Amino acid sequence: MRLTTKFSAFITLLSLLAMLLMLVGCAFSFIWLSQQRVETRVQTLATEVDKALLTQSPQDLTQWLTRLMPVINAEQLELHSGDRMLFRLARHENPMLEDEPNRFIQFDLPLVHSSGLSLRVVVLDPAKTWFRSFTGAYTLIVIFSVVLIMASLLVMTHRWLNRHWRNMERLEARSERILAGDRQSRVGEESEWPPKASHAIDLLLHDLREAGEQRLRIDTLIRTFAAQDSRTGLNNRLFFDNQLATLLEDQEDVGTHGVVMMVRLPDLETHHETLGPALAEEYLFDLINMLSTFVLRYPGALLARYFRSDFAVLLPHRTLKEANSIADQLINAVDSLPPMRMLDRDDLIHIGISAWRSGQSVPQVMENVEMATRRAALQGGNSWSIGEGNPLEMGRGSVRWRTLLENTQSRGGPRLYQKPAVLLDGKVHHREMLARVFDGDKEVVSAEFMPLVQQLGMAESWDRQMVTRIAALSEVWPDETLALPVNIDSLVQRSFQRWLQKLLLQCSKSQRKRFLFELAEADVCQHINRLVPVFKMLSAFGCRIAVNQAGLTVVSSAYIKQFPVELIKLDPGLVRNIERRTENQLFVQSLLEVCKSTPTQVFAAGVRTRAEWQTLAGLGVSGGQGDFFAPSLPVNSNVKKHSQRYRI
């Protein structure tokens with residue numbers, strides 16, 4: 001039986017009970033009115049007798065009282081003067097009055113005009129007599145039995161409905177959680193009602209989770225297609241050139257520099273017939289593993305397969321001296337490789353090195369490093385060579401870096417810059433805080449000195465100083481949302497978390513809502529388990545979370561559904577010339593599809609041209625950031641345009 005049918009039966013039962021209650025009420029009303037009528041008649045009789053005694057004797061009243069007694073259903077009339085009876089009339093004998101089935105009412109009424117006299121009237125009570133009769137008793141038993149049965153049914157139906165109502169409320173509560181965005185709800189309880197609807201929701205959630213996992217796998221494949229080489233798993237040439245071009249453009253105008261290395265290995269594809277495909281792939285794996293091991297030691301370095309057996313290494317903010325040291329280590333590491341048949345270990349690797357600075361073009365830089373690689377190959381043996389026109393720069397050692405960074409901290413911290421992130425309607429969504437260090441001659445961007453901060457163990461103290469300064473700045477800008485860049489190394493430390501809790505407790509609720517903590521996507525995916533309590537703490541305080549550098553590395557987008565991420569910023573290398581790169585557009589569309597079921601917004605960082613912005617806006621991004629909107633400005637300058645709307 002369906003719920004509607006059962007509920008209709010329950011309402012019908014309630015209606016019957018109401019009708020029964022009305023019937024009982026009418027019966028009692030009839031009894032009460034009968035009692036009132038008897039009392040009224042007896043009172044009227046006493047009044048008439050009192051008037052008659054003024055002119056007549058009690059014996060003279062016998063005739064008309066005898067005719068009146070049947071009318072009012074009276075059995076006895078007695079006139080008393082104190083304890084002495086003066087007059088008495090009776091319709092039946094005394095045994096009739098003592099009959100058990102009959103019930104009588106006795107009224108003693110004093111006479112007003114005849115002082116000392118009272119009239120006693122004994123009247124048959126028809127209601128009580130009927131109730132005491134066999135018919136009345138049988139009827140009452142039937143009525144009470146029906147009431148008892150219906151009350152029992154009512155209690156049982158109430159319990160049944162209450163139980164099903166609670167189960168329906170459980171299903172309703174789970175449905176509300178699903179509508180609120182909780183797609184990770186576990187299988188519903190067996191008590192949920194109706195059971196078929198609960199089971200259907202379970203099946204749909206299971207299918208939805210499978211579809212989400214499939215979408216994440218497709219998103220990872222799209223990232224791999226856009227950035228990786230299919231054979232080696234390294235970054236491809238297009239991705240390498242794109243990242244190098246982004247660095248050469250130097251959007252912050254701080255004199256970006258670095259080194260490009262070209263590592264030329266033997267062309268193992270020509271040895272497939274002599275070595276065999278399996279052995280050739282094993283040799284290639286050993287060589288790539290050696291290169292990856294060295295490159296991963298340097299933060300920000302990028303290794304890509306450039307052409308067949310040529311591998312390019314991008315070292316931002318590094319000097320030729322450091323690159324020469326890396327080349328020497330690579331050549332020495334050749335001796336640690338396993339024995340290679342048909343390959344000369346003494347003539348296995350040739351390295352070309354070329355420094356670059358902002359303002360150069362990608363073909364110019366790659367041509368210089370290609371010439372250096374050819375020169376190293378012509379020299380014979382395992383060797384490296386520096387491109388022409390590259391003076392050997394000494395750079396800073398670890399001691400000079402530590403001195404510079406410690407002096408910066410002692411002077412109150414680095415210089416702060418702000419760069420707005422703009423929504424589609426031109427309003428400022430938040431302002432990203434950027435740090436720069438002044439070394440006496442020029443300003444050094446965070447991408448250059450932050451790896452040294454982490455390497456020298458200064459990340460926690462550095463972040464504490466930065467967060468404190470930005471929190472104080474939020475009081476000066478009460479209407480601005482400020483993005484706080486935080487190192488993952490300090491954020492996962494328990495001591496830093498306790499300090500951050502104390503700082504946030506000192507801030508007002510409205511102030512905490514304007515804190516946007518920014519983390520790199522690769523760091524979030526690498527430390528995803530350790531960040532769970534950190535993100536819970538920040539969400540409990542009302543702070544917001546952003547992820548930047550999306551698309552720089554090939555990682556899964558599962559963190560979007562796991563963490564309360566408010567916005568994701570695309571990497572500038574992904575945004576550059578996106579109107580001409582269909583693979584990057586496909587990646588953005590895939591990322592937007594993953595974010596569609598969550599409140600996460602996608603922003604584009606490093607937007608340079610209107611064509612890029614129009615393409616991104618057409619794809620569906622929520623906002624952008626870059627020189628197309630506004631350049632970086634010092635926070636201590638007279639910024640009166642903070643609340644302005646940018647033309648887009």
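Any read-out appearing in this document is the output of simple, stated calculations on the displayed coordinates, not a laboratory observation. Because the structure is predicted, anything quoted here is derived from the model rather than measured. Here the Cβ is made from the backbone with ideal geometry for all residues, glycine too, and neighbour counts use every protein chain on show.
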Hey, what's the per residue convex hull volume over the C-alpha atoms of the chain, in cubic angstrom?
308 Å³
Helix 494-506 sits off the longest principal axis of the Cα atoms of the chain, rounded to the nearest 10 on a 0 to 90 degree scale, by 60 degrees
What's the angle, to the nearest 10 degrees (0 to 90), between helix 398-410's Cα axis and the longest principal axis of the chain?
40 degrees
Counting other beta carbons within 10 Å of each residue's own, what order do TYR417, TYR298 fall into, fewest first?
TYR298, TYR417
Computed over the stretch 228-386, the convex hull of the Cα set has an average projected area, in nm², of 8.9 nm²
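What's the Kirkwood radius of the stretch 502-567 in Å, using all Cα pairs? If you can, show how the numbers build up before the last one.
Numbers: mean 1/r = 0.0799 Å⁻¹.
Evaluated over the stretch 502-567, this radius sits at 12.5 Å.
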Using only the alpha carbons of the stretch 398-631, what is the convex hull's orientation-averaged projected area in square nanometres?
13.0 nm²
Return the sequence-ordered ³J(HN,Hα) values of the stretch 174-180 in whole Hz as given by the Karplus equation 6.51 cos²θ - 1.76 cosθ + 1.60 applied to θ = phi - 60°, using x for Gly and Pro.
5, 5, 5, 5, 5, 5, 6
Tilt, helix 582-595 to longest principal axis of the chain (alpha-carbon atoms), in degrees rounded to tens, equals 30 degrees
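Would you please name the GluC sites (Glu not before Pro) within the stretch 188-229 that are DSSP coil residues with at most 12 other C-beta atoms within 10 Å of their C-beta?
Numbers: sites: GLU189, GLU190, GLU192, GLU210, GLU213; in loops: GLU189, GLU190, GLU192.
Loop-located and lightly packed - GLU189, GLU190.
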For the chain, with +1 on Lys and Arg beta carbons and -1 on Asp and Glu, the positive-most of LEU591, GLY620, SER152 along the dipole:
SER152
Using per-residue counts of other Cβ atoms within 10 Å, averaged over each peptide, order 422-430, 6-14 from highest down.
422-430, 6-14
Size descriptor, Kirkwood hydrodynamic radius, that averages inverse alpha-carbon separations across the stretch 380-494, Å
16.7 Å
So, in Å, what gap is there between the alpha-carbon centers of the stretch 484-551 and the stretch 308-330?
34 Å
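Among the listed pairs LYS419/LYS561; LYS513/LYS561; LYS321/LYS569; LYS513/LYS596; LYS509/LYS596; LYS419/LYS509, which are separated by more than 32 Å between their Cα atoms? Write out the running numbers ahead of the final one.
Values: LYS419/LYS561 28 Å; LYS513/LYS561 21 Å; LYS321/LYS569 34 Å; LYS513/LYS596 23 Å; LYS509/LYS596 29 Å; LYS419/LYS509 24 Å.
Violating the 32 Å limit, Cα to Cα: LYS321/LYS569.
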The exposure ranking of GLU169, GLU78, fewest beta-carbon neighbours within 10 Å first, is GLU169, GLU78
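In what order do ARG37, ARG209 fall by count of nearby beta-carbon atoms within 10 Å, going from fewest to most? Before the final figure, lay out each step's value.
On the way: ARG37 11, ARG209 14.
Exposure proxy ranking, most exposed first: ARG37, ARG209.
So for the stretch 346-418, what are the equivalent ellipsoid semi-axes in whole Å, largest first, each being the square root of 5 times an eigenvalue of the Cα gyration tensor? Please list the in-between numbers first.
On the way: eigenvalues 266, 60, 16 Å².
For the stretch 346-418, the ellipsoid semi-axes come out as 36, 17, 9 Å.
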Pick out, from GLY359, VAL263, ASN235, the residue whose Cα sits farthest towards the positive end of the charge dipole of the chain, with +1 on the Cβ of Lys and Arg and -1 on the Cβ of Asp and Glu.
GLY359
Amide H partners (placed H, <5 Å) of HIS430, local residues excluded
ALA421
Placing unit charges on C-beta atoms (Lys and Arg positive, Asp and Glu negative, everything else neutral), compute the dipole magnitude of the stretch 234-342 about its Cα centre in debye, rounded to 20.
180 debye
Of all GluC sites (Glu not before Pro) in the stretch 216-302, the ones in DSSP coil with at most 14 other Cβ atoms within 10 Å are none
Percent of all Cα-Cα pairs per 10 Å bin for the stretch 403-453, counting from 0 up to the last occupied bin, reads 23, 43, 20, 13, 1
As computed over the stretch 500-648, the Cα convex hull volume per residue (Å³)
132 Å³
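In Å, the Kirkwood hydrodynamic radius of the stretch 468-584 over pairs of distinct alpha carbons? If you can, show how the numbers build up before the last one.
On the way: mean 1/r = 0.0654 Å⁻¹.
Hydrodynamic radius (Kirkwood, Cα only) of the stretch 468-584 equals 15.3 Å.
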